[in-house]
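Single-structure report; data block below.
The values are calculated or read from the model by the stated rules, or taken from the named source; none is laboratory data. Only a predicted model underlies this, so the values are computations on that prediction, with no experimental measurement involved. Every residue, glycine as well, gets a Cβ built from its backbone with ideal geometry; the counts of neighbours run over all protein chains shown. SASA here: full protein model, heavy atoms, side chains in, ligands and nucleic acids out. Shrake-Rupley method; radii C 1.70, N 1.55, O 1.52, S 1.80 Å.
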Amino acid sequence: MFSLSQSVSIRGAAGEPLPHPFKSLSRLEVEFRRAEFSLVVAGPGTGKSLFAANLATYGNMPVMYFSADSSAATQTVRATAMITGADSKTIKAALLGGDFSKYLAEIGKRWWLRFNYSASPQVSELERDLLCYLEVYGTLPHLIVVDNITNVDIGAVGSAESYTFGLEGLCEYLSEMARATNAHVLGLHHVVGEYSDGLIPIPLSGVKGKVHRVPSLILTIHKEVDGTGGRILNVSDVKNREGFEDSSGNTFASFRLNRSNLRLEELEEEFPTTYTV
């Protein structure tokens, strides 16, 4: 056991915020702190993986990304576009056409951004890769992304109750992982059915499986789509142990998705938006 003064000395990197590009979220007192576990929750196709990729590719920090939900081709195209600013469709054509060499020098600088593409990794596989990361680079990742937590193999699930219990246990495990590694562990997760279209703000109660006890931070994402293919992602801070929160989801920061380089760009509002019906 430790006194408060001893706690200052043993803290290490715990609590340090990671660099991120989301200024509007900072105004909502949202930070991605090391040694903490968070969830980003949204319906399918809304943009939670794009949000995570924007965080992972920003700041050139050590990252381990468990990409169970997206293939190597998808992540390569997305990350290359975000890092270089080049058009994602041009990058995809180059990748599929075998003419990708012009991008290798730039993305090669991000050598400690590492991916695992197992579709259903077991917990032992997560631990193995983190130990390998430490062995190779002499440090553990500052950011660990699990995309999605429902893809992690937690054994047989026979009922809705055991499904929820299994997810709760996994969240506790990921929270302990954050403490043990001093990394920020970011889990991606789904919503309950009524919010699956992603068109209205998602409250804390919209988190699938009601696994909102463990994470220190929970963000939900809904979208606005115009007739020309443009998209705005609205990110709500529905749980935040370290700052402002609105569990209704009606207060959010808004970002425009650049359809070319897939970066999330700040809108021009000075303050985050409050939703009105």
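Here are some values of semi-axes √(5λ) of the Cα gyration tensor in Å: (1) 29, 26, 16; (2) 31, 21, 18; (3) 26, 25, 20. Which one was computed from this structure? Computing semi-axes √(5λ) of the Cα gyration tensor in Å and matching it to (1) 29, 26, 16; (2) 31, 21, 18; (3) 26, 25, 20 gives (3). Taking every protein chain into account, the accessible area of the stretch 75-234 amounts to 47 square angstrom per residue (probe 1.4 Å). Taking 18 Å as the limit for the C-alpha separation, the pairs Lys92/Lys223; Lys210/Lys239; Lys48/Lys223 exceed it in the case of Lys92/Lys223. Over the chain, dividing the summed -39,500 (n - 2.57) contributions of all DSSP H runs of at least 4 residues by the number of residues returns a 222 nm mean residue ellipticity of -9500 deg cm²/dmol. Put a plus charge on the Cβ of each Lys and Arg, a minus charge on the Cβ of each Asp and Glu, and nothing anywhere else: the dipole of the chain about its Cα centre is then about 520 debye.
A 1.4 Å probe over all protein chains sorts Tyr58, Tyr133, Tyr173 by accessible area into Tyr58, Tyr173, Tyr133, starting with the largest.
Projecting the Cα positions of Gly166, Phe37, Ser70 onto the charge dipole of the chain (unit charges on Cβ atoms of Lys, Arg, Asp and Glu, taken about the Cα centre) puts Ser70 furthest along the positive direction. Computed from the alpha carbon positions, the gyration tensor of the stretch 1-154 leads to an equivalent ellipsoid with semi-axes of 29, 18, 17 Å, biggest first.
Each residue of the stretch 15-25 is assigned a 3J(HN,Hα), and the resulting list reads x, 6, x, 6, x, 8, x, 9, 4, 5, 5 Hz, derived from the Karplus form 6.51 cos²θ - 1.76 cosθ + 1.60 (θ = phi - 60°), x at Gly and Pro.
Dipole of the chain computed with +1 at Lys/Arg Cβ and -1 at Asp/Glu Cβ about the Cα centre; of Leu186, Leu140, Asn60, farthest Cα towards the positive end is Asn60.
Of the residues Ser260, Ser101, ranked by 1.4 Å probe accessible area with the largest first, the sequence reads Ser101, Ser260.
Among the protein heavy atoms, those of Cys132 account for about 70 Å² of accessible surface (1.4 Å probe, every chain in place).
Computed over protein heavy atoms with a 1.4 Å probe, the carbon and sulfur contribution to the accessible area of the chain reaches 53%. Hydrophobic, long helices, defined as DSSP H runs whose alpha-carbon span along the helix axis is 30 Å or greater and whose mean Kyte-Doolittle value is at least -1.0, occur in the chain at 160-181. DSSP beta bridges confined to the chain are antiparallel in about 45 percent of cases. Could you state how much accessible area Lys223 has, in square angstrom rounded to the nearest 10, with a 1.4 Å probe and all protein chains kept in place? Accessible area of Lys223: about 30 Å².
Leu188 contributes an accessible area of around 0 Å² to the protein surface, as traced by a 1.4 Å probe with all chains present.
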